[in-house]
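**Student:** I'd like to ask some things about the structure below.
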Amino acid sequence: MFAEENGLRGDPRLQAISEAIRVVPHFPKPGIMFQDITTLLLDHKAFKDTVDIFVDRYRDMDISVVAGVEARGFMFGPSIALAIGAKFVPLRKPRKLPEYGTDCLEMHVGAVQPGERALVIDDLVATGGTLSAAIRLLERVGAEVVECACVIGLPENKGERRLNGKPLYILVEPRELCC
């Protein structure tokens, strides 16, 4: 579900967040329109608004763990976790480089306890493979994944099908380059 469909229609913060994201065409391979959140992080107001919107949504949902997917989920997760009184757990990709088509994540043993309620955060959802891997990892140790959240999501939400029925909350659609 996009934030606009959930009470934020017309909220100027969403437009500012979207405009703060740089689009890099044909990266890392032809046909990909890379959504670079580095420019969002450089805009302190848009970055704060991004975190604030997530915090407003999750403040009263009894979340005890915010699990951030490497590496861009690390940018948003700690701030959200601090604001809602949860711990932050980094979910790391093996070998640290993006591997398109490979869905594997790791976390520290004992970082999440059985019964903890978890939120999975990342910058973008496309196929849903990485979020699906995060859900499987957290559920394997007994956590309850309450929701997945991303700053950017494809309007078709094809990735949502891979989330085993877990809700997906997205702030903005990917931007295209104009002109």
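**Student:** From (1) open to solvent by 40 Å² or more (accessible area, probe 1.4 Å); (2) in a helix (DSSP H, G or I); (3) in contact (Cβ under 8 Å) with a residue 24 or more places away in the chain; (4) not aromatic (Phe, Trp, Tyr), pick out the condition that doesn't hold for residue 61.
**Tutor:** For residue 61, the failing item is (2).
**Student:** Which residue, of 120, 141, is over 26 Å from residue 41 (Cα atoms), β-branched (Val, Ile, Thr) and either open to solvent by 10 Å² or more (accessible area, probe 1.4 Å) or under 12 Å from the mean Cα position of the chain (by Cα) (or both)?
**Tutor:** 141
**Student:** Residue under question is residue 131, and the condition is that it be modelled with pLDDT of 90 or more, assigned to a helix (DSSP H, G or I) and within 12 Å of residue 67 (Cα to Cα); does it hold?
**Tutor:** When the stated conditions are applied, residue 131 passes them.
**Student:** Can I ask one more? Somewhere in the stretch 72-83, is a residue open to solvent by less than 50 Å² (accessible area, probe 1.4 Å) and touching an Asp or Glu at 6+ places or on another chain (Cβ under 7 Å)?
**Tutor:** The answer is yes, given that some residue of the stretch 72-83 is open to solvent by less than 50 Å² (accessible area, probe 1.4 Å) and touching an Asp or Glu at 6+ places or on another chain (Cβ under 7 Å).
**Student:** Between a residue in the stretch 1-29 that is within 19 Å of residue 52 (Cβ to Cβ) and of a type in the set (S, T, N, Q) and any residue that is in a loop (DSSP other than H, G, I, E, B) and open to solvent by 40 Å² or more (accessible area, probe 1.4 Å), which pairs come within a Cβ distance under 7 Å, given they are 6 or more apart or on different chains?
**Tutor:** 18/175
The values are calculated or read from the model by the stated rules, or taken from the named source; none is laboratory data. Bear in mind the structure is a predicted one, so any value in this text is a computation, not a measurement. With ideal geometry, Cβ positions are generated from the backbone for all residues, glycine too; neighbour counts draw on all protein chains shown. Calculation scope for accessible area: heavy atoms of the full protein, side chains included, ligands and nucleic acids excluded. Shrake-Rupley method; radii C 1.70, N 1.55, O 1.52, S 1.80 Å.
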